[in-house]
Amino acid sequence: MQIVPYPHPALRWKSVPVTEINEYLRTTIRKMFDLMYEAKGIGLAANQVALPWRFFIINLTGDPAEVHEELVFINPEIVKRKGTVEDEEGCLSFPKFYGQVRRAEEIVVEAFDLQGQGFQMKLDDLPSRAIQHETDHLDGVLFTDRMSDELKLQYAPILQDFEATYRKQQELDLFPSDDVIKQELARLEAGPPRP
Ligand code: ZN
């Protein structure tokens with residue numbers, strides 16, 4: 001498992017709902033937390049590790065020692081948004097790239113935790129921003145899509161650099177072709193691999 005960079009096709013995949021909370025999912029989530037900490041992130045969505053299921057993880061402290069700050073959002077839905085606020089964002093799929101993004105100021109999110117328990121949270125500030133960013137991932141939406149037209153234009157060369165780097169990695173077989181990746185995502189949609 002690895003965090004995939006833009007423009008890996010998984011990042012544009014619209015995730016399918018999780019239908020079963022099992023050992024495979026728990027193991028996957030543990031691996032994702034480890035990867036997220038290693039990359040110094042605070043949130044990671046399933047499609048950022050090339051998995052097509054609707055869940056993401058968060059630890060806003062980014063500190064592996066703060067285990068009680070770890071949150072898992074399974075089948076999340078943002079059911080309410082209020083106000084707007086702009087702030088800087090980054091993304092583990094765009095290493096070292098940051099930009100201003102306008103988001104709802106306050107949200108209400110509903111999801112299930114790893115015990116299958118439904119919960120609801122009303123959030124603002126960083127938690128609100130992080131959860132909007134991660135929920136977008138699950139819909140195949142990236143933070144660059146949410147930037148102003150002016151910023152999109154300004155950052156176009158940076159995105160082209162990400163693209164060129166990724167295509168080079170594909171040529172070196174560090175990633176399969178887009179078609180092969182999409183076939184694998186479609187296959188995984190049916191359910192996790194069985195032993
Ligand atoms: Zn991201």
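Quick notes
- Single residue of segment 111-140 satisfying the filter (hydrophobic (A, V, I, L, M, F, W, C) and touching a residue at least 60 places away in the same chain (Cβ under 8 Å)) that is surrounded by the fewest Cβ atoms within 10 Å (Cβ to Cβ): LEU126
- Residue in segment 184-191 that is without any contact (Cβ under 8 Å) to a residue 60 or more places away in the chain and either more than 22 Å from VAL49 (Cβ to Cβ) or within 16 Å of the ligand (Cβ to nearest atom) (or both) present: no
- Looking at ALA39, ALA46, just one residue is among the small types (Gly, Ala, Ser), within 13 Å of the ligand (Cβ to nearest atom) and open to solvent by 10 Å² or more (accessible area, probe 1.4 Å), and that residue is ALA39.
- Listed conditions (1) away from the ligand (no atom under 16 Å from the Cβ); (2) modelled with pLDDT of 95 or more; (3) not aliphatic (A, V, I, L, M); (4) not in a strand (DSSP E or B) are all met by PHE119, apart from (4).
- Taken over segment 96-110, the criterion of being aromatic (Phe, Trp, Tyr) and without any contact (Cβ under 8 Å) to a residue 40 or more places away in the chain is satisfied by TYR98 alone.
- Scanning segment 16-36 for residues that are within 15 Å of the ligand (Cβ to nearest atom) and open to solvent by 10 Å² or more (accessible area, probe 1.4 Å) returns a single hit, LEU35.
- Some residue of segment 81-88 being within 15 Å of the ligand (Cβ to nearest atom) and either open to solvent by 40 Å² or more (accessible area, probe 1.4 Å) or aliphatic (A, V, I, L, M) (or both): yes
- Selected residue (criterion: nearest to the ligand (Cβ to nearest atom)) from residues of segment 122-161 that are not in a helix (DSSP H, G or I) and not charged (D, E, K, R): LEU142
- Total residues in segment 89-107 satisfying the condition of being open to solvent by 20 Å² or more (accessible area, probe 1.4 Å) and either of a type outside the set (Lys, Arg) or farther than 26 Å from ARG30 by Cα (or both): the figure is 8.
The values are calculated or read from the model by the stated rules, or taken from the named source; none is laboratory data. A quick note: this is a predicted structure, and the numbers were derived from the prediction, not measured. All Cβ positions, even for glycine, are placed from backbone atoms using ideal geometry, and neighbour counts span all protein chains on display. Each accessible area value is taken on the protein alone, full model and side chains, heavy atoms only, with ligands, DNA and RNA left out. Shrake-Rupley method; radii C 1.70, N 1.55, O 1.52, S 1.80 Å.
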